[in-house]
1. When a/c is below 1.5 the answer is rounded, else prolate if a/b is larger than b/c, else oblate, so apply that to segment 14-95 with a ≥ b ≥ c taken from the square roots of the Cα gyration tensor eigenvalues.
2. In segment 133-213, what percent of the accessible surface is made up of carbon and sulfur (1.4 Å probe, ligands and nucleic acids excluded)?
3. Cα-Cα over 20 Å: which of 50/153; 57/211; 26/61?
4. Looking at segment 38-160, send over the antiparallel percent of its DSSP beta bridges, to the nearest 5.
5. I'd like to check one number: the per residue accessible area of the chain, probe 1.4 Å, reported in Å² as a whole number.
6. I'd like the distance separating the alpha-carbon centroids of segment 325-385 and segment 103-119, in whole Å.
7. Segment 208-248 to segment 44-58: how many Å between their Cα centroids?
8. Provide the per-residue ³J(HN,Hα) series for segment 152-162, in order, calculated from phi with Karplus coefficients 6.51, -1.76, 1.60 and θ = phi - 60°, each as a whole number of Hz, with x at glycine and proline positions.
Amino acid sequence: MYPEYEKINKLFNRCDELANTDKEFKDIFKFVFSFRKNNVGAIYYDDENKFRKKKYKAIEKDIYLKAPKIASIFKGNKNDTIVLKMANSVNWIECFYASLMAGYRVLLLDAKATKDGTINIINQVNAIGIISDDPFKYDVKKITNDDFIDLEKDKDFVPLWANEVIFCSSGTTGDVKLMVYNGANMVAQMTTCKGMPLSTKTIMYTKDMGKVNILAMIPFHHIFGFVAVFLWYFSWASSLVFPSSLAPSDIFSICQKVGITHVYSVPLFWDSLTKGLERKLATQDEENQQRIKNLIDVNLGKKDRKEVKHVDIIQKVVQKNLLGTKVKFCISGGGYLSQPTLETINGIGYPLYNGFGMTEVGVTSVELSADVKDRLKSSIGKPLYSVEYKIVEDKNNKGQGELLIKSPVTHVKEIIGGVEKEATIDKEGYFHTGDIVSKDEDNRFYIKGRIKDVIINANGENIFPDELELFFKDLEHVNHYSILGVKKGKGTDQKVVMVLEVDNSIKEEEIKVLIDTIKATKLPHGTVIEDIYFAKGKLPLANNMKVRRFKIKEAIEANSGEYIHFGENKKEKAQVNFDEKTTNEILIPIREIFSETLVLPMFKINDTDHWINDLGGDSMNYVEACQKINAKFGITIPEEDYGQMTCVNDFVLEVIKLKNKK
C-alpha cells in the first residue's frame with residue numbers, strides 16, 4: 001500500500017459520521033459545513049467579471065440569509081415543490097440548500113430549458129414557484145438574484161427542511177420522466193466512495209497533500225454533475241471552480257489560473273479537446289509533431305521514459321496551453337468514450353478514466369486503476385461500495401446482456417406525466433438499466449450500447465451505433481450526428497441510417513464531399529450506412545449532452561419533414577411546378593442566392609419557405625438578396641414590390657414577369 005493510504009482512507013471514511021444521523025438533507029448540510037469552514041468552497045468570476053473566492057463559512061452564512069427570503073416569497077407549505085433553474089454557480093449551491101432549508105423539495109432544471117418546457121415541468125409537479133434568472137414570466141411566483149440583494153438575518157426564521165430532490169431523466173416536452181431522491185439516497189451515494197483509496201490516491205486526498213480544485217462544468221441539474229462534482233467534492237471541503245462561460249478559451253483560462261486538479265465532463269468535451277489538439281499539431285513542423293508523438297507513446301507505456309529526451313518539459317508545455325499542469329484525475333461520463341480520445345488525453349499526461357451512472361441510480365462505477373493499460377480498456381470499472389451489478393445474458397450474444405443494478409442510491413419515487421409512484425424495480429430490488437454490457441475476468445464492466453438503440457443486421461448480429469459513431473468523429477462542418485436503425489417499409493428489418501446536424505456555413509460541394517467521406521468509411525461487420533439525412537434544425541439532445549436517437553427515428557419513420565434525405569428532389573416539394581429550363585436557369589440560381597445571403601445550406605431551404613418566418617432572414621439581408629437577383633438576371637425589381645416576394649417561388653415568378661416585359 002502507498003504511504004498516504006491511511007490518511008486518505010480516513011478522509012473517505014468520514015462519511016460514516018452520517019450513519020448515526022437521520023440521513024436527511026439537513027444532516028448532509030451539517031456534515032458539509034462542520035468541516036474546514038475556512039477552506040475556499042467556490043472560485044468564480046462575479047457579474048463584473050472580477051475574480052472571486054468564497055469560503056465555506058461565507059457560503060453557509062448566505063444560505064441562512066436566503067432561506068427565510070425564499071420562504072417569505074413563496075409562502076408555501078412544507079414539502080411543496082419549487083423549480084431551481086440556474087446555471088452552475090455559487091448562487092446555485094446557496095439556493096439549493098436554502099430552498100431545502102425553507103421546507104421545499106427542489107426540482108433541478110436545465111438553465112437553458114425553453115419557456116414552454118419550463119411551464120410543462122412546473123405543471124407536472126404542481127410547483128408553487130421557480131428560482132431563475134431567465135427572461136420569462138410564469139403563472140407561479142418567481143425569485144431572481146435581485147431578490148437576494150441586501151439580505152438581513154431573520155431571527156424568527158425556523159428551518160423546516162424538506163428531504164427530496166427531483167431530476168429530469170428525459171426532455172421537458174410531453175409527459176416527462178422525473179426521478180425523486182431523498183436524503184438517505186444521497187447519504188448512500190456519498191458512502192459509495194468508500195474503498196476507493198485501495199485503488200487510487202488521486203481521486204481525493206488530504207489537505208496537506210495539496211489543494212483539490214475541481215472544474216464545475218457539468219450542469220448540476222444532471223446526475224453526473226450533481227453527484228460527482230457537487231455532492232462528493234463540496235462535501236469534502238474541496239474548491240469548486242466555475243468558468244465564466246463554457247467557451248474553450250474561458251475554460252482553459254480559469255484552469256490555468258487556479259491550477260485545476262480534477263476535470264469531470266462528457267465525451268463531447270474530451271473529443272473536442274482531442275480535435276483541437278490534433279488541429280494545432282497539424283500546423284507544427286515534423287520535429288514538434290514527433291515530440292508530441294513521443295510524449296504520447298511514453299505516457300501510454302509504448303516507450304521507455306528514459307529513451308525520450310525532455311519528455312517532462314514537452315508535457316508541461318503542452319498542458320500549459322490546455323487544462324494546466326496540475327490535473328491529477330479526469331472522468332468521462334454520460335456517453336460512449338472513443339479509444340482515440342482515451343489514448344490522446346492519457347497520452348498528454350491527463351489521467352482520463354471512464355465512469356457510469358444514470359438519472360435513476362446515481363453514479364455506480366468508475367475505473368480507478370492507476371495503470372494506464374487498464375484505463376485504455378474503456379471499462380466503466382467495478383461497482384462502487386454497496387452497489388451490485390448483474391448481467392441478464394443475451395442467448396444470442398454470449399457474454400453480454402442487459403445490466404441490472406441493485407443499490408441503496410436508486411431513486412425512491414418517479415413522476416411520469418404528473419403521476420407520482422414508487423420506483424420501478426423488480427421483485428429482487430434490481431433496476432433494469434436498458435444498457436447492454438459485458439464483463440471481463442477482473443470484474444470490470446464494459447458498455448456496449450442501449451437495448452433500444454441496437455440495430456440487428458440481416459445475419460442477426462447486434463450492431464451498436466455508439467461503436468459505429470466513433471469512425472466519424474472528425475467530420476468537417478458537423479455539429480452533431482447520430483447513427484440509428486430505421487424500419488425498411490412495413491417489415492421488421494432495419495436499415496442503418498446516419499443523421500447529421502451541420503453548420504450553416506457548409507457549401508453544396510462540401511456536402512457532396514461529406515457524403516462521399518461517409519460512404520467511403522469502412523465499418524466493422526461489413527456494416528454500410530444505407531441512408532444519410534440532414535437535420536433542418538438541431539438534433540434533439542437529452543440534457544444537452546446525448547442525441548436522442550428514438551426521437552429522430554420516430555420523425556424519420558413518420559416522414560415528419562424534419563430530416564432531409566440527401567437525394568430528395570426539392571423541385572417535388574415546390575407548390576409551383578416549373579419546367580426544366582426555368583428550374584435550371586432561374587429557380588436554382590435563386591436558391592443559391594438565398595443560401596449565400598442567409599448563410600444556410602440549400603437543403604435547409606424549401607422553395608415555399610418564408611424569408612423571415614421560416615428562414616430567419618431580416619429586412620436588411622432581404623434587400624441584399626433583391627440586389628443580387630437584380631444583378632444575376634439583369635432586371636430591376638421595383639422597390640415598391642419589396643416585401644411582396646417572401647420565398648424562392650415568389651422570386652422566380654417575379655423574375656419571369658420582369659424578363660417577359662423586356
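The values are calculated or read from the model by the stated rules, or taken from the named source; none is laboratory data. These figures come from a predicted structure and were not determined experimentally. Accessible surface is based on the protein model in full, side chains and every heavy atom, while ligands, DNA and RNA are left aside. Shrake-Rupley method; radii C 1.70, N 1.55, O 1.52, S 1.80 Å.
1. Oblate is the answer for segment 14-95, as a/c is 1.5 or above yet b/c matches or exceeds a/b.
2. Details: 1990 of 4050 Å².
Ligands and nucleic acids excluded, carbon and sulfur reach 49 percent.
3. Numbers: 50/153 26 Å; 57/211 18 Å; 26/61 15 Å.
Pairs exceeding 20 Å: 50/153.
4. Percentage antiparallel, nearest 5: 30.
5. Value returned for the chain: 47 Å² of accessible area per residue.
6. First find each Cα centre; the distance between them is then 30 Å.
7. 15
8. With coefficients 6.51, -1.76 and 1.60, one gets 10, 5, 9, 5, 8, 6, 10, x, 9, 6, 6 Hz.
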